[in-house]
Amino acid sequence: MKTASPRILIADDQTDVLEALRLLLKAEGYVIESANSPQGIMAALEVRDFDAVLMDLNYTRDTTSGEEGLEIVSRIQSMDPTLPVIVMTAWGSIELAVEAMRRGARDFAQKPWENPRLLAILRTQVELGRSLRKEQRLEAENQLLRAEGRPAFIAQAPSMQPILQLISRVGPSDANVLITGEHGTGKEVVAKTLHALSERAATPMVTVNVGGLPEGVFESEMFGHVKGAFTDAKTDRVGRFDLADGGTLFLDEIANVPLNQQAKLLRVLETGELERVGSSKTHRVNVRVVSATNANVNEEVAAGRFRGDLLFRLNTIEIHLPPLRDRREDIPALATHFLGTHAGRYRKQLTGFDTAATQALLQHPWPGNVRELDHAIERAVLMAQRNTIAAVDLGIAASRESSIPSARLEDMSMEEVESFLIRKALARYGNNVSQAANALGLSRSALYRRMQRYGI
Ligand SMILES: Nc1ncnc2c1ncn2[C@@H]1O[C@H](COP(=O)(O)OP(=O)(O)OP(=O)(O)O)[C@@H](O)[C@H]1O
Ligand SMILES: [Mg+2]
């Protein structure tokens, strides 16, 4: 993404100073707004975000105390400590500049300023300010994800960080989200997290396994029916869309919905309107749709088995969860988490895993992903005879499928090494093929060809 031009607020009560600054800074690609009084500064800051404030300290002619300016510096500092403030002082009033910095100004320039020095100061402060704000935002996002009421969602692996950020950013919105990933990678956990982060959190999330609904009941299950609509319709029935009104509807296994039912779903998603089976009365529902699938939906669309227009409605945002074998960094934390829950449930005193067990956990390929790990730990908790889990308790056989090379590099074939490196690069870049290709020095299509060859 291209970063926006930095926006600078300049403030001085002398118009010729403002004009000179404007000319200088515009030529450097900054977007400029100006204020000519302390009130003007505060008003501008309320309306917009700036990358920096460059301000004079004196606003009433003939005063040189700088008091008004210093007060503004303090106010900005308490309002937004990440916003860089650079003060301008009259030549020789170094004490004033020092006082301003004590109150939170990041730097100062003496008038008349030297252009190169002023520009250098601005550039540095804008950059520092931006990275400070980014850090703060990440911290806020992490706090959001740690907040109460959310399902446990463990994601410490580097490849999971962009996913965490995406979740915390789109969670609170009404955007439709499609979650993809292999079996047991945590798609439902993500759906619950998105719901819990949204303003709809007070209403329960309604889940439907749409892929598993038999042809005959799909419509009445989803949209409801009225009494007498068909032979078995003895009473009115409220559909899942109505149940989820005002909340979130989680459509699981979405890729398995047959084409004619996809058309019916599409209509509701497009219009927000539906009729119960057997009724001609149209009514509106307000639902946020989160859907999930372990299929490759784009392939399904290409093969004509999934409607492209429906996909377009569902995947305003797409979250792809990598398989556990590509985010092994998360295994210890997940294992400890599951140990805690199962030991609690079965009232067993267990303190952790012995070395061999940890080793086995890290090396297993986990084709069933997080769910398989969960089950393995549950079983181990029941089997354990000491207060730590031993490798035998886990019941997982050592496997050659592991993507960690168990052999030394020189013992591996060219193909094995290549496949290993490709998996690693894909994991590192959260399965972003372009970035992985870039890192490997391959073109996208060359990487795709290799992925196909190695069944990745
Ligand atoms: N990141 C995680 N942190 C903690 N628990 C997790 C995480 N991911 C998955 N789990 C747990 O693993 C199990 C499987 O997760 P979930 O049901 O969300 O997978 P899924 O992707 O929906 O699988 P499927 O495709 O088979 O429906 C659940 O018990 C869930 O709580
Ligand atoms: Mg699921």
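Read-outs: derived from the displayed coordinates by stated rules, not from any lab. All of these numbers come straight from a predicted model, not from anything done at the bench. In this analysis, Cβ positions are derived from the backbone assuming ideal geometry, glycine residues included, and neighbour counts consider all displayed protein chains.
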Exercise. Expressed as a rounded percentage, what relative contact order does the chain have, with Cα pairs under 8 Å and six or more residues apart?
Worked result: 11
Exercise. Residue by residue, what Karplus-based ³J(HN,Hα) values in Hz, rounded to whole numbers, does region 304-311 have, using 6.51, -1.76 and 1.60 with θ = phi - 60° and x for Gly and Pro?
Worked result: x, 9, 9, 6, x, 5, 6, 4
Problem set entry | Nonlocal amide H pairs with residue 54, under 5 Å, H built at 1.01 Å | 9, 10, 11, 86
Seminar exercise, completed: In nm, the gap between the two label points placed 7 Å beyond Cα toward Cβ at residue 238 and residue 434 is 4.5
For this session: For residue 316, enumerate residues with amide H under 5 Å from its amide H, sequence gap 5+ or separate chain, H modeled in the peptide plane.
Result: 176, 178
For this session: Please report how far the C-alpha centroid of region 164-236 lies from that of region 62-98, rounded to the nearest whole angstrom.
Result: 55
Seminar exercise, completed: Extension length gain for residue 387 and residue 282 (0.36 nm per residue less Cα distance), in nm, is 31.7 nm
Problem set entry | Table column - 3J(HN,Hα) (Hz), region 208-214, Karplus curve with 6.51, -1.76, 1.60, x for Gly and Pro | 10, 7, 5, x, x, 7, x
For this session: May I ask for the angle, rounded to the nearest 10°, between helix 444-453 and the longest principal axis of the chain, with both axes built from Cα atoms and the value confined to 0 to 90°?
Result: 20
Exercise. Mind listing which chymotrypsin sites (Phe, Trp or Tyr not before Pro) in region 44-96 are in a DSSP loop and have 11 or fewer other Cβ atoms within 10 Å?
Worked result: 91
Seminar exercise, completed: As straight-line cross-link partners of residue 264, the qualifying lysines (C-alpha separation under 22 Å, not fewer than 8 residues apart within one chain) are 227, 281
For this session: Measure nothing fancy, just the Cα-based angle from helix 161-170's long axis to the longest principal axis of the chain, in degrees from 0 to 90, nearest 10.
Result: 80
For this session: Set the Förster distance to 35 Å, then compute FRET efficiency between residue 26 and residue 173 from the Cβ-Cβ distance, nearest 0.05.
Result: 0.50
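Can you give the FRET efficiency for residue 65 and residue 39, using 1/(1 + (r/R0)^6), R0 = 22 Å, r = Cβ-Cβ distance, to the nearest 0.05?
Efficiency computed from Cβ-Cβ geometry: 0.75.
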Problem set entry | Computed lengthening from residue 49 to residue 165, 0.36 nm per intervening residue step minus Cα-Cα distance | 39.6 nm
Exercise. So what are the ³J(HN,Hα) numbers for region 10-15, from phi and the Karplus equation (6.51, -1.76, 1.60; θ = phi - 60°), rounded to whole Hz, Gly and Pro as x?
Worked result: 10, 9, 6, 8, 9, 5
For this session: At 4 °C and 1.567 mPa s, grab the translational diffusion coefficient of the chain from Stokes-Einstein with a Kirkwood Rh over Cα pairs, rounded to a whole number in µm² per second.
Result: 48
Exercise. Hey, what number do you get for the chain at 222 nm if only DSSP H runs of n ≥ 4 count, each worth -39500 (n - 2.57), divided across all residues, to the nearest 500?
Worked result: -14000 deg cm²/dmol
Exercise. Roughly how many nanometres apart are two label points built 7 Å out from the Cα toward the Cβ at residue 264 and residue 115?
Worked result: 7.1
